[in-house]
């Protein structure tokens, strides 16, 4: 008789523990959410995809749709690499231009933040930023070869 009294509460307790541990648990960033060939997509990768492609995340109806877009993107990347497109000079030039533009944007952002943090009045911030950039330009050792420039203009 005593056994019957304890069996039902023990079963209920075990079920509640299993439900409690399984339901409320947030996935670890290192947990694998998908695999695309040899590429392993983690929860962190998916979060980054959502953060860096907010337009796709806003247009997607749910998390599965966002994951589907990320998987398709990875498939296309892998196919482009398989075809060797990442080795083409046109691709390399595009990456180089993007890198340069991003680096300049970051420099300008940093300079702008420094001007803002220094307490310069709003109406003088652009002038101060221009003066700071002029200082950077003046520090550079620049040599212009006018003859080469002239030859180019003739062509």
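The values are calculated or read from the model by the stated rules, or taken from the named source; none is laboratory data. Keep in mind that what you see is a predicted model, and the values were worked out from it rather than measured. Cβ placement follows ideal geometry from the backbone for every residue including glycine, while neighbour counts extend to all protein chains displayed.
State whether one or more residues within the range 125-146 are surrounded by 10 or more Cβ atoms within 10 Å (Cβ to Cβ), closer than 30 Å to residue 43 by Cβ and outside the structural domain of residue 47 (by TED's automatic domain parsing). Checked the range 125-146: no residue is surrounded by 10 or more Cβ atoms within 10 Å (Cβ to Cβ), closer than 30 Å to residue 43 by Cβ and outside the structural domain of residue 47 (by TED's automatic domain parsing). Just one of the numbered conditions (1) at pLDDT 90 or above; (2) within 30 Å of residue 92 (Cβ to Cβ); (3) surrounded by 13 or more Cβ atoms within 10 Å (Cβ to Cβ) is not true of residue 53: (1). The residue pairs whose first member lies in the range 86-111 and is farther than 25 Å from residue 133 by Cα, whose second member is surrounded by 10 or more Cβ atoms within 10 Å (Cβ to Cβ), and whose beta carbons are closer than 7 Å, counting only pairs six or more residues apart or on different chains, are 86/80; 91/85.
Let's see how each residue does on (1) closer than 22 Å to residue 30 by Cα; (2) outside any helix (DSSP H, G or I):
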| residue | (1), (2) |
| --- | --- |
| 45 | yes, no |
| 61 | no, yes |
| 67 | yes, no |
| 81 | no, no |
| 91 | no, no |
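Scanning the range 76-91 for residues that are within 16 Å of residue 39 (Cβ to Cβ) and surrounded by 13 or more Cβ atoms within 10 Å (Cβ to Cβ) gives 77, 78, 80. Screening residue 69 against (1) exposed (fewer than 12 other Cβ atoms within 10 Å of the Cβ); (2) under 18 Å from the mean Cα position of the chain (by Cα) leaves a single unmet condition, (1).
Mind listing whichever residues of the range 93-124 are surrounded by 12 or more Cβ atoms within 10 Å (Cβ to Cβ) and outside any helix (DSSP H, G or I)? If the condition is that a residue be surrounded by 12 or more Cβ atoms within 10 Å (Cβ to Cβ) and outside any helix (DSSP H, G or I), then 120 is the only one that fits.
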